[in-house]
Amino acid sequence: MPEQHAVLSASSSHRWLECPPCVRLEEKFPPKTSEYAAEGTLAHELGEITLKHNLKEMATRTYNSRLKKIQDNELFTADMPDYVETYVDTCMEKFSEAKAKTKDAIFKIEQKLNFSKWVPEGFGTGDFVTIADGTMEICDLKYGKGVPVSAKGNPQMRLYALGAIAEFSFLYDIKKVKMTIIQPRLDSISTDEILVNDLLEWAEKVLKPTAELAFKGEGEFKAGEHCGFCRAKAVCKARADKNMELAKYEFQEPTTLDNDDIAYILGKAEELAKWAKDVQDYALDQALKGEEFTGFKVVEGRSNRKFTDENMVAKTLYDNGYTDNVIFKPAQLLGISAMEKAIGKKKLNQLLKGFIEKPQGKPVLVPETDKREVFNSAKADFQ
Ligand code: SF4
């Protein structure tokens, strides 16, 4: 859930733990809201009311009226309940396991978690927490379908765990924490576990000193993959220096690149392209606000002609003797993703599974560290 009010939020902790001064630098740039974030908030709301209803914390009447509001939201899609169900089922399973161990196991839904003991003014919202004798489980729903996020060593989950320990350890003797990230649209459920003693040691030795630096805007700038969602990414000097360093290369051959030269460029190209795109987007945004960049100007991009009144267009053509098959596109079946949104994941599998195939993908050149298997060109030739 959004944690806009915490300076050091759990969701950005992977970034400020790597680059502590980013937090104060980012304050100079307004946060951007996106449709994806609003969609994620809606999915969380659906998860929250479903869990509360299933676990008898919400009356059916209230549940129905809140469900109706969610369904009326323009961002609601038919596949959302199927995806949210994966999250709800995982939480229900965790709670059943907890109750099997301890009769008076508890659960908390959308629990505010305060981890300010280690992170100045730090708090966040844990989607689902359940506590039984000795073990606490924390579940986090991530509705996006960008990249799978691993729970292994994930600082956001660890901060939630610390907040939950601070809140509940006087009631329960918690020895171990299990943290699970559910990304239903990527078919990904990732779990990590840590002994509370080890977690507290990490919190004292790594988290607390770094968070204090970050809160004061001190420490070393460090560019890396974590820059992706940083609000300062387009104008950050440290990121620019790192990328300019990447671009420097002493080519050996006087006239043409050899394979080693090309491999070097391939290894840097993606990061350089991302950075260049961030700078371009930022500069356009600023230029539209009146800033000037020597040698550049804003012009009108390409645009396509469009009809101003489609009903009148159709009428005029009918009046002039044209027929439907000439002036209208033939009806076209939705693609698989759009169909899934329209009828839901369950119905798609139930009704259409037999008609779906996944052909071999086109070859792409990726770094050796990529987890995918090497492209089987013999299979492709045969096909
Ligand atoms: S862009 Fe990267 S290096 Fe620069 S402040 Fe943000 S996180 Fe730090």
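The values are calculated or read from the model by the stated rules, or taken from the named source; none is laboratory data. In this text the structure is predicted, and so the values were computed from the model without any measurement. All Cβ positions, even for glycine, are placed from backbone atoms using ideal geometry, and neighbour counts span all protein chains on display.
So here's what we get for this one:
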read-out	value
Residue in the range 332-352 that is under 30 Å from Met80 (Cα atoms) and in contact with a Ser or Thr (Cβ under 6 Å, 6 or more places away or on another chain) present	yes
Residue among Glu250, Glu245 that alone is assigned to a loop (DSSP other than H, G, I, E, B) and outside the structural domain of Val119 (by TED's automatic domain parsing)	Glu250
Residues located in the range 159-209, provided they are part of a helix (DSSP H, G or I), over 22 Å from Thr102 (Cα atoms) and free of Cβ contacts under 8 Å to residues at least 40 places away in the same chain	Asp198, Leu200, Glu201, Lys205, Pro209
Helices (runs of 4 or more DSSP H) fully within the range 11-84 counting 2 or more residues that are within 16 Å of the ligand (Cβ to nearest atom) and assigned by TED's automatic domain parsing to the domain that holds Gly122	13-18, 22-26
Matching entry among Lys329, Lys274 (being surrounded by 11 or more Cβ atoms within 10 Å (Cβ to Cβ), of a type in the set (Lys, Arg), at pLDDT below 95 and out of contact with any helix residue (DSSP H, G or I) (no Cβ under 7 Å at 6 or more places or on another chain))	Lys274
Restricting the range 217-228 to residues that are in contact (Cβ under 8 Å) with a residue 24 or more places away in the chain and more than 8 Å from the ligand (Cβ to nearest atom), the residue that is nearest to Asp278 (Cα to Cα)	Gly228
Filter pass, Thr180 being within 16 Å of the ligand (Cβ to nearest atom), of a type in the set (Ser, Thr, Tyr) and either at pLDDT below 95 or buried (at least 19 other Cβ atoms within 10 Å of the Cβ) (or both)	no
Members of the range 115-140 found to be hydroxyl-bearing (Ser, Thr, Tyr), more than 14 Å from Ile174 (Cβ to Cβ) and in contact (Cβ under 8 Å) with a residue 12 or more places away in the chain, listed by number	Thr125
Filtered residues of the range 162-177 (kept if among the hydrophobic types (A, V, I, L, M, F, W, C), crowded, with 17+ Cβ neighbours inside 10 Å and farther than 11 Å from Ile131 by Cα)	Leu162
Matching option when the condition is part of a helix (DSSP H, G or I), within 13 Å of the ligand (Cβ to nearest atom) and basic (Lys, Arg), among Arg231, Arg239	Arg239
Exclusive hit being closer than 30 Å to Lys32 by Cβ and in a loop (DSSP other than H, G, I, E, B), set Arg302, Arg372	Arg302
